[in-house]
Amino acid sequence: MKEVAKESLGSRFKKYWQTFFKQWQLQLMAIPGVVYMIIFSFIPIYGITIAFKSYTVIDTMDSAPWVGLQNFKTIMSDQYFWQSVVNTLGISALKLAFGFILPIIIAIMIYELRDSLFKRVIQTISYLPHFLSWIILGGMLITWMSSNGMINQLLGLFGATPSTNHMLDAGKYWWIASLSDVWKEAGWGTILYLAAMSRIDPTYYEAAKMDGATRIRQIFSITIPMIKGIISLNFILAVSGLFNSNLDQTLVLMNSQNQPKAEVINSYVYRIGLMQGDFSYATAVGLGVSVISVALLALTNIVTKKLNDNKSVL
């Protein structure tokens, strides 16, 4: 049995290299990506050891003294960290609630359009915000939500007389951050769905029409089931990223008035690590968040696998 297993393993190994050399052009194209991953993703993993040390700028990673789990114990009693966790989950939950469904709806609406010129125009308009940096969009939002900004002017047309600066209202920040992010990325998020829809066999729709199915019925019976793999994949990635809020957006929109509701984990790590120089503590926070994100990724994959007839999309 061992000899059979060895022969089987050897044959698989030989087949792998045969396939590798047959596709040497594609493998050659992949080498820069592999090198990039090794340099910027795998080698820096050694820096995780800082989380278990008391590291300063005058130390090296090897010379810094070990402190064990002391940094993680400090995290557990840090009220500012836990406030950033609450803010991160609150903003991410709103982004997930609106930002996950909206691209699917927009993609289906674009796919159902029959005028190709109008379809391209709508696609272009929906994509545009994605290509604008948060510096530009943040400046626009700050201007629009000022005391004399566009938002208050529009509210004035309906009889309201607000004069407040909405960006200074901490209670509104979660909604501002989540909805502005959805506005920026919803159009871009339709690309994968539209690509999946373009591969659907048109004969399915023709057969459905012959059976008297309406457009709505065709969407729910053909379009959505045919793209459920992409939907599941995006859902897994969205859930696994619940603890990773947009740092660029936060640094642009956060101010001294809304900071209690605007401070997220990423900005907290940035402030503690780079601005205050507590690299060990910031690394410990980042490591803990990464572990939780991987756990969420695995859990969501298991759930979606159960919903897809035990077929994993990862």
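Only the coordinates and a few stated rules stand behind these numbers; no lab work does. In this text the structure is predicted, and so the values were computed from the model without any measurement. As a convention, Cβ positions derive from the backbone with ideal geometry for all residues, glycine included, and neighbour counts pool all protein chains shown.
Our estimate of slack between TRP24 and ALA170, defined as 0.36 nm per intervening residue step minus the Cα-Cα distance, is 46.9 nm.
Could you work out [θ]222 nm for the chain from helices alone, using -39500 (n - 2.57) per DSSP H run of at least four and dividing by all its residues? Round to the nearest 500 deg cm²/dmol.
Working: 17 runs with 199 residues, N = 314.
For the chain, the value works out to -19500 deg cm²/dmol.
Converting the Cα gyration tensor eigenvalues of segment 154-205 into ellipsoid dimensions via √(5λ) gives semi-axes, longest first, of 40, 15, 7 Å. Segment 197-242: percent of C-alpha pairs farther apart than 11 Å? So the pairs more than 11 Å apart make up 69 percent of the total in segment 197-242. Across the chain, the longest piece that holds none of the trypsin sites (Lys or Arg not before Pro) lying in DSSP loops with up to 13 other C-beta atoms within 10 Å covers 1-113. Pull out a ≥ b ≥ c, the square roots of the eigenvalues of the alpha-carbon gyration tensor of segment 122-161, then state rounded if a/c is under 1.5, prolate if not and a/b is larger than b/c, and oblate in the remaining case. Note, shape of segment 122-161 comes out oblate.
State the extension gain, in nm to one decimal, for the chain segment bounded by LYS14 and VAL291, taking 0.36 nm per residue of separation less the distance between their alpha-carbons.
Working: separation 277, 0.36 × 277 = 99.72 nm, distance 3.65 nm.
Working it through step by step, the gained length comes to 96.1 nm.
When its C-alpha radius of gyration is set against 2.2 N^0.38 Å (N residues), segment 218-300 gives a value of 1.49. If R0 is 51 Å, the Cβ-Cβ spacing of LEU154 and SER198 corresponds to a FRET efficiency of close to 0.85. Only the Cβ atoms of Lys and Arg (+1) and of Asp and Glu (-1) were treated as charged; on that basis the dipole of segment 164-210 about its Cα centre amounts to roughly 40 debye. Toward the positive end of the charge dipole of the chain, with +1 on the Cβ of Lys and Arg and -1 on the Cβ of Asp and Glu, the farthest Cα among ALA93, GLN27, ALA177 is that of GLN27.
How much length, in nm to one decimal, is gained on full extension between LEU128 and LYS305, taken as 0.36 nm per residue of separation minus their Cα-Cα distance? Write down the numbers at each step before the final one.
Working: separation 177, 0.36 × 177 = 63.72 nm, distance 3.42 nm.
Going from the current span to full extension adds 60.3 nm.
Between the alpha-carbon centres of segment 235-290 and segment 184-230 there is a gap of 37 Å.
Quick one: compute the contact order of the chain, relative version, from alpha carbon pairs under 8 angstrom and 6+ residues apart, as a percent.
Numbers: 291 pairs, mean separation 81.4, N = 314.
Averaging sequence separation for qualifying contacts and normalising by length gives 26 percent for the chain.
Residue-wise HN-Hα couplings along segment 180-185, as the Karplus relation 6.51 cos²θ - 1.76 cosθ + 1.60 with θ = phi - 60° gives them from phi, are 5, 5, 5, 4, 6, 10 Hz; Gly and Pro carry x.
Considering all C-alpha pairs of the chain, those separated by over 25 Å amount to 67%.
Between PHE220 and ARG120, what's the calculated FRET efficiency when r is the beta-carbon distance and R0 is 30 Å? Round to 0.05.
On the way: r = 26 Å, r/R0 = 0.87.
Efficiency for this residue pair is about 0.70.
Projecting the alpha carbon convex hull of segment 238-278 along each direction and taking the average yields 3.3 nm². Treating the Cα atoms of segment 86-170 as identical point scatterers in vacuum, please give the log10 of the normalised Debye intensity I(q)/I(0) at q = 0.11, 0.21 Å⁻¹, two decimals. Log10 I(q)/I(0), no solvent term: -0.51, -1.08. Note down the nm distance, to one decimal, between modelled labels 7 Å out along Cα→Cβ at SER147 and at LEU237. It is 4.4 nm.
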